[in-house]
Structures are given as C-alpha cells and as structure tokens.
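Written out below as structure tokens is the structure these notes cover.
No lab work stands behind these numbers, since they all come straight from the coordinates. Everything numeric here is computed off the predicted structure, so don't read it as measured data. Here Cβ is always computed from backbone atoms with ideal geometry, including for glycine, and neighbour counts include all displayed protein chains.
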C-alpha cells in the first residue's frame, strides 16, 4: 500500500547541532496512510530540494533522507544534513534571493525513483543563524581596514584596499579591480656643482603612474632614504627632467638625496649621496675661505652676495639715503671676483642678515679686538705698536708708496696676519667711486668702519655717512 505524506506540521528552525554555527534547519511532518491512519514506527524516504527564485525555480540543492517515524507517526529531518544529490548547502546565498522547499516521498519506501511530490513551500524569511554564518564568513574575510568584498556568484571575494587616488573599475566578468594612479616612476640625477652650502641635483620622471604629477623635486637628509618630511625643493609639475638646487647645507657633510614625484601617491627615485666641500657659501653660491686670527675666525675674502641670508634680493645700485643697496666698483661686474661687492650701511644692518648663516657683520668691538691682538702679538711694522696696516693688507695689488712701513711699500712683506685685505676702493654718498688700488674699507654693524690705505701704516677707525659704500668682511658667530 502506498503511503501519502501529509504536511500536518511543517516547522523550519535552526537546530543546535554543534557548538559551531549550524548549517541546517528542521522539517517535521506526520505520515499517514491512504485511510488517514498514522503510520508509526515505519521506514520512510524523503527527497528535499531547495528551489531558487520561485516554486518552479532552479534547484540549487538536493538531498535525501532515510528514517523511521516515531510512535506518533512524526518524521523529523534536518534539512542540510541529508545525503547530498546536488549542490552545496553551505554556499546558498540566503540573503540574495527568495527560496522554496520542495518535499518528495518515496511511496515504496525503497529510496529509489519515482518519488511522489507532496508539496512546495516558500521560505518567508532567511533562517537567522544561517545568514549569521554568512555574515561571519564576510567578517572573517576583512583582515585590513579599507578592504572591499564582492560576490562572484558563488562566494564572497576580498578586494584589498587600493592606493590613495585610485578607483574601482569593473573588469571582464564583472570583477572589480583598482584602477587609476599608482606610484610614479622616476630617477635621481647625480649631484653636481657641490659647494660648502649648496649643490645641484634633480630627476627624470618617465611614468606618471596614471595620474598628473602635481609636485616634483628632491629631498635630502644626513640619514639614508630621505622623504618629504626632510628638507626638499619644489620644482614644478608634469613628467620629464627637472633641475633642483639644494641649499642651506653644512660644509664637509655627507648628504643622501632622492628625487620625488607626487600624483596622488609619492614615488621616489634612486638614492644618491655626496659630501659638501670645505668653506663658507652665501645664498648666491659664492664660496669663501677662512682665517683664524687670535680667537676670531674671519672670512678670507670680501662678501659678494646679491641676496640676504633668507634669499631676499638686495637693491642694486640705487644709491640714495635710506635705501639698502649694493654695487660693484665702477658698476663693473668684472670687479666682483677680486674685490667683492660694495654695500651701504642700510644693507649691512638690514634685519634679513647680510652674512651667511653662522656668520655676521663684525661689530665695532670685533674690529677693536682684532687690532688689539695684532698690536700686542708682534704684528706691527717694527714688531709692536699700532702700525699693523701692512699685516692686514694683501701682498700685491696696492698702489706703490715709498715710505717704509706703509702698505704700498715692499708689499711682499704684507699680510703677516693672513687677513689679505684688498684695495677695493669705496663709494661716496653722492654715488661717485674713489681710490681703487689705494684704499680698503670695511663696515661694522654701526656707522663706524675700519680702513687701510697704500700710504699709511696704521688702520683708520672712521665715522661714516650711512650711505657710504664699503666692503664687508664677515666674522664667525
């Protein structure tokens, strides 16, 4: 006699089948015969199918069960834990579609076809714990802040976080991938024109990484692998080669340099290194040697800069009261290298600072200290006294003078101190130039100045109009 399955009680709920999250839900029904009598303690065979989309939809999972009814004819099964015929219960995307459960019974109780369809019911809500398992799986798939998940039709797949400025693009098969800017590709130019406080480098950007180059330059440090947190230049935008000037370096110091380029991301070129030369360098890149006299360290040449320490330009050749200015003797740049620049006192005392970092225009007291040292340590013409002008003057270039002890006489014996004062002349407040080859004058931080002439043996301390033009010798701080 064939048996009919009557769904007198149909319950779907998640079972607590293990300590881990369950992968099943329960179905219960009472089995009766054709006469309506309960079949207790009878062997029965079920086939359960999960249909996607509708009651006649695609079978995404199918399984069978063989069991015995209890004393009340009740059959209880755990859907998801039968003998699998097709599909994978664990990968069903419960939250993405609607699902139906189709129940079939083998009337011959043999577990073979044909099965008899006894009903299809819609799952009106996703079994909570099953969806929780899916959520837990998604959570387990996000190891890094910023990662993204996408569903490939079967599984959730992790897309690692992209780089700043990139964006998601759909690839073949509707698979997302990061696109847009990546790191630029560039190289660092070898360092050249190395001086005590500056050098020249640069770079060449061969690939912008998919994004416009917004900034480029070089960065440097006394430690390896410098970054934008270290001193850097900013040398325009775009790809191609560029030149960078490194400034405010320390003498005799090893530096590491890398070119950089920024689109959304910052890429770096290869690292190069160099060592600055000895001496002092001003903002313009002019270099100077030094001489130590007593306790003081002086520049060995007159100052030549056309900019203040911070890069502010000094006014050129506007010789009027109240205007800071510089010039070359005779307004001839050919006099720059030998004699340096001529400055008025407004430039000398300007708050932007005329001398390089670590150096200053000497005070009147500094000049007095220098004279006192030379006078008391045998630098006078006859071994002692104030006739120390020859010890400050260079050994050539002065107008000749016939008086022994004067600067212009027997010049080969000059410069005992090493100061090497050159006769660069001066400029008057009305703008005229005077006494090239016969006069050297240097400013202090006040209106006092010091000078020597070819026809004197003793330096002169003078009180000058602020718009006079004299040379400048810097002293180390």
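Some values worked out for this structure:
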item	result
Contact order normalised by residue count of segment 287-476, Cα under 8 Å, 6+ apart, percent	25
Relative packing of 298-309, 269-280, which averages over residues the other C-beta atoms within 10 Å, highest first	298-309, 269-280
Label-point gap, in nm, between residue 229 and residue 312 - each point 7 angstrom along Cα→Cβ	3.3
Extension reserve of the residue 67-residue 83 stretch, reckoned as 0.36 nm per residue once the Cα distance is removed	4.6 nm
Pairwise centroid distance, computed over Cα atoms, of segment 164-218 with segment 393-443, Å	57
Residue 352-residue 273 FRET efficiency (beta carbon distance; Förster radius 35 Å; 0.05 resolution)	0.60
Distance between segment 300-335 and segment 32-110 - C-alpha centres, whole angstrom	100
Stokes-Einstein translational diffusion, segment 202-271 - Kirkwood Rh over all Cα pairs, 1.002 mPa s, 20 °C, in µm²/s	175
Degrees between helix 128-140 axis and first principal axis of the chain (Cα, 0 to 90, nearest 10)	30
Sequence-separation-based contact order of the chain, relative, with Cα cut under 8 Å and 6+ spacing, percent	9
Rg/Rh ratio calculated on Cα atoms of segment 429-477 (Kirkwood radius)	0.96
Unit Cα scatterers, Debye sum, the chain: log10 I(q)/I(0) for q = 0.07, 0.08 Å⁻¹	-0.61, -0.69
Tensor-based shape of segment 244-294 (alpha-carbon gyration tensor, a/c under 1.5 rounded, otherwise prolate or oblate)	prolate
Cut-off 13 Å, label 7 Å out along Cα→Cβ of residue 365, residues of segment 326-352 by amide N	none
Alpha carbon convex hull of segment 287-476, volume per residue in cubic angstrom	103
Rounded FRET efficiency, nearest 0.05, which uses the C-beta distance separating residue 323 from residue 284 and R0 of 22 Å	0.60
C-alpha long axis of helix 364-376 to longest principal axis of the chain, angle in °	60
